[in-house]
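The values are calculated or read from the model by the stated rules, or taken from the named source; none is laboratory data. Computed from a predicted structure; not experimentally measured. Cβ atoms come from the backbone with ideal geometry, glycine included; neighbour counts cover every protein chain shown. To get the accessible areas, we keep the full protein, side chains included, count just its heavy atoms, and leave off ligands, DNA and RNA. Shrake-Rupley method; radii C 1.70, N 1.55, O 1.52, S 1.80 Å.
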Amino acid sequence: MTVHTRTFVAAALAAVVTTGLVLAQGAGTPAPQGQPPAGQGVETPPAPAGGRGRGPGQRGAAPEGEPQGRGGRAGGYTQYTRPLASEDVIVRGKALYGANCASCHAIDLRGTVDGKNPNLLRSGVALRDQKGELIGARLAKHTPPITLNEADTVAIAEYIHSVHATMGGQGSPPGRNPTNVTLNVLVGDPKNGEATFKAVCGACHSVTGDGNLKGIGSKFSDPRALQNGWVSGSTSTFGGGGRGGGGPVPAVVTTADGSKLEGTLVRDDDFLVVLILPDGTRKVMPRTNGVPRVEVKDPRAGHVDAIVKLAHEDTQNQMLHDITAYLWTIK
């Protein structure tokens, strides 16, 4: 795996792990009633009375004589045009969803990977539903049976609607729109994380004595920054630094006659290679047609390879979450 490939894979893993947790806790916090989720830095026009859609004559407005919020091209996307319920209804719906639905459709509404339990973020029934009428009809045929009164069914539907309202355009995930959704990445088990850390990371890292991770939890401003740091290996603690990170870049330079020089790379472009040798000598070498050849020793190679291997073994990233929860306790 090349240096650039490792860097890309590590950054992608960090992004995936974080993104998957947007609704782990605090999901579905509703926007103020009667207002659309405004995009950052974008001035959102006021909603017409009784709905969250656009006014007559504006782009996305329903045709004259038709109710606002009927979805599709005429009234805009349903999740933005249907009015949200009051906060107390949404909070009750969240609790009911957790008790009756989350075990199959997941706490973040994403369903299961095998598709046996539908993803409610993409469900046509849930997206078209207005006041629980479509969701209620589907619940009546649900297997296994779920017995709920009408008010509870509506509350669950309204909670699902509130989550939909936080979704951005082009299928982006919930939480894209600023509706006070709180990201909490501490969803793992610290005890399991400790065991996994010792088995996977213990050969190179230690949190006790003079270990390089002693007090690691106190070195980051929040758990998300810690997770991004250790998963991607972007900090010097985890072998980061180097290109783009401000740290030294160890490299081996092979000259035209085949001799090799080792040192710290200062410059590497089409015209010059500059290397600081171990004795402090600055070696400047003109470059022609890629010669001398530079091989960078990626300080994150071992770390990134271990993370990639762990991710392949644990497709749900549970072990990664457990390690984050454990490292956050080391202060």
Open item on the list: Can you give the local net charge around Met285? Use residues other than it whose beta-carbon is closer than 13 angstrom to its beta-carbon, Lys and Arg +1, Asp and Glu -1.
Closed with: +2
Task: Candidate aspartates and glutamates for bridging to Lys219, where Cα separation is under 17 Å - those fewer than 8 sequence places away on the same chain excluded - done: Asp210
TODO: Could you tell me the accessible area of Lys309 in Å² (1.4 Å probe, neighbours in place), rounded to the nearest ten?
DONE: 120 Å²
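Between Leu148 and Arg122, take the C-beta separation as r, use R0 = 22 Å, and let me know the FRET efficiency to the nearest 0.05. All intermediate terms of the calculation are to be shown ahead of the outcome.
Working: r = 23 Å, r/R0 = 1.04.
Between Leu148 and Arg122 the formula returns 0.45.
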TODO: Quick one: order Arg110, Arg224 from most to least accessible surface, probe 1.4 Å.
DONE: Arg224, Arg110
Task: Thr143 accessible area, assembled protein chains, probe 1.4 Å, Å² - done: 120 Å²
TODO: Go through Ser218, Ser259 and list them by solvent-accessible area, largest first, probe radius 1.4 Å.
DONE: Ser218, Ser259
- [ ] Could you order Asp322, Asp257, Asp269, Asp114 by accessible surface area, starting with the largest, using a probe radius of 1.4 Å?
- [x] Asp257, Asp114, Asp269, Asp322
Task: Theoretical gain in end-to-end length, Asn192 to Lys297 [0.36 nm per residue, Cα-Cα removed] - done: 34.5 nm
Open item on the list: Explain nothing, just the number: relative contact order of the range 189-331, from Cα pairs under 8 Å at least 6 residues apart, as a whole percent.
Closed with: 33 percent
Task: Proximal aspartates and glutamates to Lys141, defined as alpha-carbon separation beneath 17 angstrom and excluding residues fewer than eight positions away on the same chain - done: Asp129, Glu133, Glu150, Asp152
Open item on the list: So, taking all protein chains as they sit and a 1.4 Å probe, how much accessible area belongs to His142, in Å² rounded to tens?
Closed with: 50 Å²
- [ ] Place a label point 7 angstrom from the Cα of Val274 along the Cα-to-Cβ direction, then list the residues of the range 285-312 whose backbone nitrogen is under 12 Å away.
- [x] 285
Task: Unsatisfied cross-links (Cα-Cα over 21 Å) in the set Lys94/Lys191; Lys116/Lys191; Lys260/Lys309; Lys198/Lys297; Lys191/Lys331; Lys214/Lys297 - done: Lys94/Lys191; Lys116/Lys191; Lys260/Lys309; Lys198/Lys297; Lys214/Lys297
- [ ] Net charge near Thr153: determine it from the other residues with C-beta under 11 Å of the C-beta of Thr153, scoring Lys and Arg +1 and Asp and Glu -1.
- [x] -3
